[in-house]
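Visitor: This is the structure, below, for whatever I ask next.
The values are calculated or read from the model by the stated rules, or taken from the named source; none is laboratory data. These numbers were taken from a predicted model, which means no experiment stands behind them. Cβ coordinates were reconstructed from backbone atoms using ideal geometry, including for glycine residues, and neighbour counts include every protein chain displayed. Side chains included, ligands, DNA and RNA excluded: accessible areas come from the protein's heavy atoms. Shrake-Rupley method; radii C 1.70, N 1.55, O 1.52, S 1.80 Å.
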There are 2 protein chains.
Amino acid sequence: MTLLFENCTVLPMTAERSEANCFTGWVGVEGRRIALVTAEASEAERWRKEHPDVRVVDGCGGVLMPGLVNTHCHMAMTLERSYADDMALMTWLNDCIWPFESHLTDDDIRTGALLGAAEMLLGGTTSVVDMYWSEEAVFDAVEESGMRALLCCSYLDSRLEAFDRDLPALLEKCAGSTRIRAGLAPHAAYTCSTENLRRGVAACERYDIPMTTHISETLDEQRIIGERYGMSPVACLDSLGLLNDRLIAAHCVHLSDDDRRILRERGVHVAHCPTSNMKISSGIAPIERLRTEGVNCTVGTDGPSSNNDLDMWEELRNASFLQKVATMDPCAVPAYELLRMATVNGAAAIGHAGELGVVREGALADLVLLDTRKPHWHPRHDVVANVAYCAKAADVTMVVVDGEPVVEEGRLLHADLPALFEKSETIVRRIAALR
Amino acid sequence: MTLLFENCTVLPMTAERSEANCFTGWVGVEGRRIALVTAEASEAERWRKEHPDVRVVDGCGGVLMPGLVNTHCHMAMTLERSYADDMALMTWLNDCIWPFESHLTDDDIRTGALLGAAEMLLGGTTSVVDMYWSEEAVFDAVEESGMRALLCCSYLDSRLEAFDRDLPALLEKCAGSTRIRAGLAPHAAYTCSTENLRRGVAACERYDIPMTTHISETLDEQRIIGERYGMSPVACLDSLGLLNDRLIAAHCVHLSDDDRRILRERGVHVAHCPTSNMKISSGIAPIERLRTEGVNCTVGTDGPSSNNDLDMWEELRNASFLQKVATMDPCAVPAYELLRMATVNGAAAIGHAGELGVVREGALADLVLLDTRKPHWHPRHDVVANVAYCAKAADVTMVVVDGEPVVEEGRLLHADLPALFEKSETIVRRIAALR
């Protein structure tokens with residue numbers, strides 16, 4: 001499809017620093033990529049004539065920007081949204097989450113992932129890093145939704161199907177996809193033996209795929225790993241060869257100076273999940289320090305049972321405001337840097353550095369159009385601050401992924417939402433009856 | 001107007017504890033008040049026949065609940081939304097906020113307040129406590145918008161017009177209103193002399209009106225008051241007679257054990273503003289302690305220049321999640337208590353205990369209908385948690401204040417938004433040209 005957005009404030013996210021280079025202009029899409037970015041009416045007109053079949057989209061004065069990248073999620077856990085809140089962590093896991101999950105079929109996982117993809121796309125999140133088992137079922141959901149994803153097959157010592165079943169099945173499916181890539185996800189240092197962690201490293205090398213894992217989420221994890229190995233989770237995983245520039249490390253809440261240095265030196269991408277860290281009382285990650293020390297910091301929602309939604313705009317606000325109060329520095333994680341975390345940095349984390357998360361000719365066309373004709377967008381002193389600190393998921397009117405429209409006028413093109421809602425309720429009722 | 005809501009999940013907020021008494025049912029409104037609350041079809045049918053002119057509203061399976069009460073705001077500061085972000089507090093105030101505000105006319109303040117009221121009503125906030133100068137101009141905006149408000153004339157030593165000009169003018173206007181009440185607002189202990197604080201107490205007694213003020217927002221304030229009076233801001237204001245059950249104390253971030261005891265013993269209502277406290281690095285208020293010790297805790301957005309929006313749903317999430325991470329207790333401020341803060345507790349703070357913030361026969365009809373036909377509302381394990389942790393401003397489809405619809409199908413009935421946006425931009429351009 002060939003598209004031409006006109007009458008937009010373009011937020012390209014190509015500037016390195018906060019002098020954001022917004023402009024009123026035109027953006028053209030041809031095939032999977034952005035083919036035109038211009039502030040010149042004459043250039044737009046020439047491009048339009050060269051593409052007689054182009055569909056012209058009126059941006060209505062709104063903001064056109066890169067789609068957001070959610071670097072840590074468990075999409076199927078939408079089925080556990082608001083299932084178990086306001087509980088101590090181990091009660092939550094032992095009495096609620098794990099028993100519920102033990103009843104999930106692959107088809108349930110597909111339904112949960114579809115629900116998650118629907119929520120994310122409607123809110124302008126175009127890429128996701130997912131970590132769960134049966135990722136081949138998640139693949140089907142993501143493929144159907146039109147979203148971009150890095151799907152990582154999760155394993156722990158008591159569940160090792162990722163190696164022989166999930167990952168081969170997922171790799172086969174991904175071979176035919178331009179939008180979906182496969183990865184591996186050891187659950188964490190405290191749930192995987194050193195043998196199984198090393199096995200993960202070997203598998204990533206063999207298949208040439210990235211990895212994601214949970215690192216230093218809670219103080220309990222620090223204690224367990226300290227007792228077991230006499231070192232921090234970061235040092236432990238580094239000693240086993242997991243830390244490199246193809247690893248996305250979720251959480252990283254409790255870090256020593258050495259831990260931060262190691263993460264930086266290895267080029268690890270950090271997926272900061274502030275809402276989850278707040279809601280389950282994990283702690284406050286030292287994101288401002290990591291960021292200023294040169295670590296690539298990105299943002300993730302985590303799963304909906306510890307959030308309770310997949311709203312990257314709220315996640316962004318938390319990523320900035322929590323740092324401001326924790327460091328007592330109102331300049332921490334300023335607006336433009338915050339937007340970089342969810343666009344440019346997220347794209348780099350999923351292996352698309354420079355060709356995603358920006359509005360630039362030649363980049364992959366993952367675009368979000370925001371309707372700014374609402375009170376919370378006015379007045380417009382500063383578009384970057386408006387987007388970072390005021391934009392809402394419901395402001396998203398159009399979403400393009402890999403050059404294809406997936407949301408139009410705030411509605412999903414590839415989903416039957418009432419049927420999806422009914423299916424999710426049926427799953428919940430079935431599992432409730434089993435317990 | 002007579003209204004009958006049908007096909008709703010009613011969240012009445014009348015239960016004391018978290019066993020929230022939601023039910024599928026009908027709610028009737030007659031004049032300014034709720035006249036019917038029932039789960040019985042036969043009762044609803046009888047009421048409908050007794051009211052042949054009733055307008056029946058199909059809730060489409062959504063949630064019907066009390067409108068939210070925002071207990072701390074500076075509505076006119078919408079004009080400074082995203083005007084000056086990511087700055088140290090004193091730079092922000094001295095170089096940006098105060099110079100900008102020095103150019104505001106009463107008509108500008110009215111426009112800013114209209115913009116704030118529009119944003120709040122669209123998001124389901126039906127009552128607001130506002131603190132600013134020229135509240136008689138804010139009155140005109142609130143009256144036009146259809147919102148409920150407690151408007152408090154602000155003063156400090158260098159600006160004392162509240163006593164002789166603003167308050168008399170506002171009281172005269174309020175005399176004819178069922179929705180709008182007047183109050184007085186000394187800015188803070190550090191900006192008002194003891195003489196002017198005592199003068200405020202006397203004025204509140206004379207006119208029989210409530211008061212609001214900023215208390216213990218920052219460590220700087222603690223230090224200044226400590227140096228000036230040898231005590232905490234709470235103790236200082238108590239010694240001057242300001243603390244009682246008709247005072248709304250905004251912020252209360254830095255409190256000693258004694259401060260908390262005094263607030264509780266005096267029956268002071270606390271307006272917790274977590275987003276503002278986070279964004280300008282004020283600190284984390286001990287809300288979980290205050291709440292469990294018996295202080296009436298409510299929620300406020302503060303002004304849009306330190307937030308940057310007036311979204312009470314995001315404010316609620318921050319009020320809970322920030323406590324959970326600060327106390328390292330995931331059970332802190334659980335979902336139902338959180339909703340009480342923004343409904344029942346807020347209503348008590350503005351002098352409407354028992355007759356507002358609840359869906360109960362005889363209560364004032366301030367109601368919000370939420371559209372739940374969206375992915376982030378599914379599945380529905382727990383309606384209370386869904387509302388507290390997932391609801392969005394944009395889910396609000398209908399809002400009734402004092403028995404009158406003000407929002408229908410997500411649109412304001414009494415506002416010309418494009419004209420309002422243009423007017424706010426004109427003000428900003430005019431002030432920019434002056435500087």
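Visitor: Return yes when B:ALA15 is assigned to a loop (DSSP other than H, G, I, E, B), away from chain A (no Cβ under 14 Å) and more than 30 Å from B:GLU135 (Cα to Cα) and no when it is not.
Guide: Yes.
Visitor: Within segment B:260-279, how many residues turn out to be away from chain A (no Cβ under 14 Å) and either out of contact with any His (no Cβ under 7 Å at 6 or more places or on another chain) or among the polar types (S, T, N, Q) (or both)?
Guide: 11
Visitor: Taking segment A:423-435 as the region of interest, how many residues are within 16 Å of B:LYS374 (Cβ to Cβ) and either touching a residue at least 60 places away in the same chain (Cβ under 8 Å) or surrounded by fewer than 13 Cβ atoms within 10 Å (Cβ to Cβ) (or both)?
Guide: Within segment A:423-435, residues that are within 16 Å of B:LYS374 (Cβ to Cβ) and either touching a residue at least 60 places away in the same chain (Cβ under 8 Å) or surrounded by fewer than 13 Cβ atoms within 10 Å (Cβ to Cβ) (or both) number 2.
Visitor: Go through the residues of segment B:33-56 one by one and say whether even a single one is among the polar types (S, T, N, Q) and assigned by TED's automatic domain parsing to the domain that holds B:VAL399.
Guide: Yes, there is a match, as at least one residue in segment B:33-56 is among the polar types (S, T, N, Q) and assigned by TED's automatic domain parsing to the domain that holds B:VAL399.
Visitor: Counting only residues that are surrounded by fewer than 20 Cβ atoms within 10 Å (Cβ to Cβ) and within 22 Å of B:GLY28 (Cα to Cα), how many does segment B:372-382 have?
Guide: 0
Visitor: So, in segment B:328-370, exactly how many residues are open to solvent by 30 Å² or more (accessible area, probe 1.4 Å), more than 18 Å from the chain's Cα centre (by Cα) and more than 19 Å from A:SER306 (Cβ to Cβ)?
Guide: Summing the residues that are open to solvent by 30 Å² or more (accessible area, probe 1.4 Å), more than 18 Å from the chain's Cα centre (by Cα) and more than 19 Å from A:SER306 (Cβ to Cβ) in segment B:328-370 gives 3.
Visitor: So, one more: Scanning for something under 30 Å from B:ARG198 (Cα atoms), buried (at least 24 other Cβ atoms within 10 Å of the Cβ) and at pLDDT 95 or above, does segment B:102-110 turn up at least one residue?
Guide: yes
Visitor: Then there's this: Name the residue that is nearest to the other protein chains (Cβ to nearest Cβ), counting only residues in segment A:88-137 that are free of Cβ contacts under 8 Å to residues at least 24 places away in the same chain and β-branched (Val, Ile, Thr).
Guide: Of everything passing the filter in segment A:88-137, A:THR91 is nearest to the other protein chains (Cβ to nearest Cβ).
Visitor: Another question about this same structure. Go through the residues of segment B:405-414 one by one and say whether even a single one is over 20 Å from the mean Cα position of the chain (by Cα), over 18 Å from A:LEU310 (Cβ atoms) and among the hydrophobic types (A, V, I, L, M, F, W, C).
Guide: Looking through segment B:405-414, at least one residue is over 20 Å from the mean Cα position of the chain (by Cα), over 18 Å from A:LEU310 (Cβ atoms) and among the hydrophobic types (A, V, I, L, M, F, W, C).
Visitor: Take B:LEU170 and decide whether it is among the hydrophobic types (A, V, I, L, M, F, W, C), in contact with a helix residue (DSSP H, G or I) (Cβ under 9 Å, 6 or more places away or on another chain) and open to solvent by 30 Å² or more (accessible area, probe 1.4 Å).
Guide: So B:LEU170 fails the test.
Visitor: Exactly one condition in (1) open to solvent by less than 30 Å² (accessible area, probe 1.4 Å); (2) part of a helix (DSSP H, G or I); (3) not acidic (Asp, Glu) is false for B:ARG223; which is it?
Guide: (1) is the only condition that B:ARG223 fails.
Visitor: Name the residue, out of B:ALA347, B:ALA353, that is in contact with a helix residue (DSSP H, G or I) (Cβ under 7 Å, 6 or more places away or on another chain), more than 14 Å from chain A (Cβ to nearest Cβ), under 26 Å from B:VAL295 (Cβ atoms) and among the hydrophobic types (A, V, I, L, M, F, W, C).
Guide: Residue meeting the stated conditions: B:ALA353.
Visitor: Now for a separate question. From the list B:VAL333, B:VAL325, B:VAL270, B:VAL299, exactly one residue is farther than 27 Å from A:TYR83 by Cα, β-branched (Val, Ile, Thr) and assigned by TED's automatic domain parsing to the domain that holds B:PRO99. Which is it?
Guide: B:VAL270
Visitor: In this structure, does A:ILE287 turn out to be open to solvent by 20 Å² or more (accessible area, probe 1.4 Å) and within 14 Å of chain B (Cβ to nearest Cβ)?
Guide: Here the answer is no, as A:ILE287 does not meet what is asked.
Visitor: Would you please name the residue that is surrounded by the most Cβ atoms within 10 Å (Cβ to Cβ), looking only at residues in segment B:303-324 that are in contact with a Gly (Cβ under 8 Å, 6 or more places away or on another chain) and farther than 19 Å from A:PRO330 by Cα?
Guide: Out of the qualifying residues, it is B:LEU310.
Visitor: Okay, next question. Return yes when B:TRP26 is farther than 28 Å from B:THR275 by Cα, in a helix (DSSP H, G or I) and touching a Phe, Trp or Tyr at 6+ places or on another chain (Cβ under 8 Å) and no when it is not.
Guide: It is false that B:TRP26 is farther than 28 Å from B:THR275 by Cα, in a helix (DSSP H, G or I) and touching a Phe, Trp or Tyr at 6+ places or on another chain (Cβ under 8 Å).
Visitor: Among the residues of segment A:386-408, is any hydroxyl-bearing (Ser, Thr, Tyr), crowded, with 24+ Cβ neighbours inside 10 Å and under 30 Å from B:GLY112 (Cα atoms)?
Guide: Checking segment A:386-408: at least one residue is hydroxyl-bearing (Ser, Thr, Tyr), crowded, with 24+ Cβ neighbours inside 10 Å and under 30 Å from B:GLY112 (Cα atoms).
Visitor: Starting from segment A:333-345, keep only residues that are within 15 Å of A:VAL10 (Cα to Cα), then list their pairs with residues that are of a type in the set (D, E, K, R) whose Cβ atoms are within a distance under 8 Å, requiring at least 6 positions of separation or different chains.
Guide: Note: pairs meeting the criteria are A:TYR336/A:ARG17.
Visitor: Now for a separate question. Residues in segment B:48-60: is at least one in contact with a strand residue (DSSP E or B) (Cβ under 7 Å, 6 or more places away or on another chain), assigned to a strand (DSSP E or B) and within 14 Å of chain A (Cβ to nearest Cβ)?
Guide: Checked against the condition, which is being in contact with a strand residue (DSSP E or B) (Cβ under 7 Å, 6 or more places away or on another chain), assigned to a strand (DSSP E or B) and within 14 Å of chain A (Cβ to nearest Cβ), segment B:48-60 yields no hits at all.
Visitor: Here's something else I'd like to know. Return the only residue of A:LEU316, A:LEU338, A:LEU322 being under 17 Å from A:LEU68 (Cα atoms) and either of a type in the set (Asp, Glu) or within 11 Å of another protein chain (Cβ to nearest Cβ) (or both).
Guide: Exactly one of A:LEU316, A:LEU338, A:LEU322 is under 17 Å from A:LEU68 (Cα atoms) and either of a type in the set (Asp, Glu) or within 11 Å of another protein chain (Cβ to nearest Cβ) (or both), namely A:LEU338.
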